[in-house]
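The values are calculated or read from the model by the stated rules, or taken from the named source; none is laboratory data. Treat the numbers as computed from the prediction; the structure is a model and nothing was measured. Here the Cβ positions follow ideal geometry from the backbone for every residue, glycine too, while neighbour counts run over all protein chains shown. These accessible areas exclude ligands, DNA and RNA; they are computed on the full protein's heavy atoms, side chains included. Shrake-Rupley method; radii C 1.70, N 1.55, O 1.52, S 1.80 Å.
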Amino acid sequence: MKVVTVVGARPQFIKAAVVSHVLRRKHQEILVHTGQHFDYNMSEKFFEELDIPKPDYNLGISGGTHAEMTGRMMMAIEKVLLAEKPDCLLVYGDTNSTLAAALAAAKLHIPVCHVEAGARTHSCTNPEELNRICTDHISSLLLASTASGMEEMEKENLGERAVLVGDPMYDAFVIYSRKYKPGDISLRLLSGGESSIPDAFYYLTCHREENTGRDADLQEIFKAMEQLDAPVVYPVHPRNQERAKRLAAEMQLKNIVLAEPVGYLESACMVLNAKKIVTDSGGLQREAFFAGKKCVTILPFVVWPETMAGNRNNLASPDAEDILAKLALEQVVESDYLPFGDGHAAEKIVDALDEMAENR
Ligand code: UDP
């Protein structure tokens, strides 16, 4: 079978890393990188660290409005699909790269296989929600990470095309999270220079459109972080660097370490060693759960309901008091509760592709 995989953003590289290695044992994979994330720290570093095969195509498309980016990607991906004539398209998650590839393939009658099908926020102001819904509805194979994803697919009458495979992010965490020790990590500070990881620290990431549009939200998040009892390490997504640096200077921050984004091996190691985690990332809130770390997610909606069990993850608004109150809530961890699969989602994804091919 010939599979075209399209990726473009950091979390997709991580998922594709584990799936590609299994897929290539018996199938031909053509890897397309749209270019949505392009800085070394957000892209190439992941390919190097996770030994992801070099992309066969790099489309170099990033920036612009959502429509511009998605449209330009569709045009370029259509050309690749026409040239490669794959048996199916494999896409991950909820980015513009995911939607563009799915639309281009579906219009050429190439079956679309969507990993992370059924994830829903039920908030259409969340740009990724539109990508998720549209991609699921035009996909032939819906590869759900969790039982709640399967339920969402049933509700939308897509159950017949859905298979529960588990979460390849969990596979990646199992495989890669102990490769580094905290002492191996060298943070590249936004102010210049390098720093090691403090012995005790909180791990913050914040980059969603919902939290980066205005100063006031990040100010509140910083206000809360300044009051914590250990330094807060914040590897800043390129989208937010300018604002973060400016606010850090204006607010004379003392407790927050602003750094360049770290690689996945460093990030997973930081999850395992942090006191607690504050984030607006879908991936990081799951990794906090995998590691049994208390997490506060600064978003108005739940993406991964499984993580919320036993106060392991709480939503907070971008409000210092609310964030601190949620961080203080005790969590209850039930170690036999494993809603993200058994660490073998990649194998199950490839099995589901095989079965689809056999039945066509
Ligand atoms: N991550 C990373 N370096 C960082 C921050 C995060 O490797 O500096 C990892 C993190 O561990 C998780 C993934 O990136 O695996 C999450 O990606 P992101 O937050 O960009 O996207 P989302 O998961 O929200 O779609």
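For the pair ASP354 and LEU324, the difference between a 0.36 nm per residue extended length and the Cα-Cα distance amounts to 6.0 nm.
The string of couplings for the stretch 9-14 from the Karplus curve (6.51, -1.76, 1.60, θ = phi - 60°) is 10, 2, x, 6, 5, 5 Hz, one whole number per residue in order, with x for Gly and Pro.
The shape of the stretch 1-148 comes out rounded: with a ≥ b ≥ c from the C-alpha gyration tensor, a/c is under 1.5. Once C-alpha pairs closer than 8 Å and six or more residues apart are averaged by separation and normalised to the residue number of the chain, the relative contact order reads 16 percent.
Here the Karplus relation 6.51 cos²θ - 1.76 cosθ + 1.60, evaluated at θ = phi - 60°, turns the backbone of the stretch 278-283 into coupling constants of 10, 7, 10, 9, x, x Hz, with x for every Gly and Pro. For the stretch 179-322, the spread of Cα coordinates along the three principal axes comes to 39, 37, 27 Å, biggest extent given first. Between the C-alpha center of the stretch 223-288 and that of the stretch 329-360 there is a gap of 29 Å.
For the chain, the fraction of 1.4 Å probe accessible surface lying on carbon and sulfur atoms is 50 percent.
Computed from the Cβ-Cβ distance with R0 of 45 Å, the FRET efficiency linking ASP199 to HIS21 stands at 0.85. The distance separating the Cα centre of the stretch 127-144 from that of the stretch 34-105 comes to 16 Å. Sorted largest first by accessible area at a 1.4 angstrom probe radius, with every protein chain in place, the residues SER139, SER191 fall in the order SER191, SER139. Any lysines with Cα under 29 Å of the LYS85 Cα? List them, leaving off those in the same chain fewer than 8 positions away. Partners found: LYS2, LYS15, LYS26, LYS54, LYS107, LYS348. Inter-label distance, ASP39 to SER335: 3.8 nm, where each label sits 7 Å from its Cα along the C-beta direction. With 19 Å as the limit on Cα-Cα distance, the pairs of LYS179/LYS294; LYS223/LYS245; LYS254/LYS293 that go past it are LYS179/LYS294; LYS254/LYS293. For the chain, the solvent-accessible area of protein heavy atoms averages 41 Å² per residue (probe radius 1.4 Å; ligands and nucleic acids excluded).
Lys/Arg Cβ at +1, Asp/Glu Cβ at -1, dipole of the chain taken about the Cα centre: which of GLN285, ALA67, VAL303 is farthest positive-ward? Checked the options; the winner is ALA67. When the Cα atoms of the chain are aligned to their principal axes, the ranges along those axes come out at 59, 41, 38 Å in descending order.
For the chain, a simple Cβ point-charge model (Lys and Arg +1, Asp and Glu -1, everything else neutral) yields a dipole of about 620 debye relative to the Cα centre.
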